[in-house]
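Trainee: One structure is given below, represented as structure tokens, and several questions about it will come after.
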């Protein structure tokens, strides 16, 4: 597996949102074309459409986990439980590293949605926002989890 953390960081600095950067970085591992991955994850940036709810990098990580390890039988309660356990573990790892999985808390913003207009990515943007570090954190956690799963 190529370095997904570096790839996710590169995608984010190219202008993709946090969720797109994670999900697209892993798209080859998921047998999913990059354009579909980018479109599927496009709604989750900025804590779900800049609502500042669950961090988009976390949502991207969960989508990777769902496509890689998820269940499809609604009556397979053991598979559901296993998957929810996995999601809670990934969330806990992210929270341990970053303090929260909530976008507004990670960015130190007030409650409520933000304007739907995305900010222009300037050098000042990258200096004031921890998003690139959060993307790297989520990608690293997912990479490590996938490596552990191979053992």
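Trainee: GNM on the chain, C-alpha springs below 10 Å: top fluctuator among 67, 109, 11?
Mentor: Fluctuation is largest for 109.
Trainee: Still on this structure, please answer the following. So what's the back-of-envelope 222 nm ellipticity for the chain, counting only DSSP H runs of four-plus at -39500 (n - 2.57) apiece and dividing by all residues, rounded to 500?
Mentor: Working: 9 runs with 97 residues, N = 151.
Theoretical 222 nm ellipticity from helices: -19500 deg cm²/dmol.
Trainee: Here is a further query. What nm value, rounded to one decimal, do you get for the distance between residue 78 and residue 126 when each label is placed 7 Å out toward the C-beta?
Mentor: Spacing of the two 7 Å Cα→Cβ label points: 4.9 nm.
Trainee: Using the 10 angstrom Cβ neighbour count as an exposure proxy, how do 135, 54 rank, fewest first? Display every interim value, and only then the final one.
Mentor: On the way: 135 30, 54 18.
With the fewest neighbours first, 135, 54 line up as 54, 135.
Trainee: For the chain, set up a GNM with springs between Cα atoms under 10 Å and report which of 18, 55, 103 has the largest fluctuation.
Mentor: Per the Cα network of the chain with a 10 Å cutoff, 103 tops the list.
Trainee: Between residue 51 and residue 71, how many nm apart are label points set 7 Å from Cα along the C-beta direction?
Mentor: With each label point 7 Å from Cα toward Cβ, the separation is 2.5 nm.
Trainee: Can I ask one more? For a Förster distance of 22 Å, can you work out the FRET efficiency between the beta-carbons of residue 95 and residue 39, rounded to the nearest 0.05?
Mentor: Working: r = 28 Å, r/R0 = 1.28.
After rounding to 0.05, the efficiency reads 0.20.
Trainee: Can you check how the C-alpha radius of gyration of region 4-150 compares to 2.2 N^0.38 Å, as a plain ratio? Display every interim value, and only then the final one.
Mentor: Details: Rg = 14.9 Å, N = 147, 2.2 N^0.38 = 14.7 Å.
Ratio of Cα Rg to 2.2 N^0.38 Å: 1.01.
Trainee: Which of 35, 96, 119 ends up with the largest GNM mean-square fluctuation for the chain, with Cα atoms connected below 10 Å?
Mentor: The residue with the greatest mean-square fluctuation here is 119.
Trainee: Moving to a separate point now. What is the chain's relative contact order, in percent, from Cα pairs under 8 angstrom and six or more apart in sequence?
Mentor: Numbers: 193 pairs, mean separation 44.0, N = 151.
29 percent.
Trainee: According to the square roots a ≥ b ≥ c of the eigenvalues of the Cα gyration tensor, what is the shape class of region 27-113, taking rounded for a/c under 1.5, prolate for a/b larger than b/c otherwise, and oblate for the remainder? Don't jump to the answer; show the numbers that get you there.
Mentor: Working: a/c = 2.12, a/b = 1.36, b/c = 1.56.
The shape class here is oblate.
Each value in this text was obtained by applying a stated rule to the coordinates, not by laboratory testing. All values derive from a computational prediction rather than experimental measurement. Ideal geometry is used to build each Cβ from the backbone, glycine not excepted, and the neighbour counts take in all protein chains shown.
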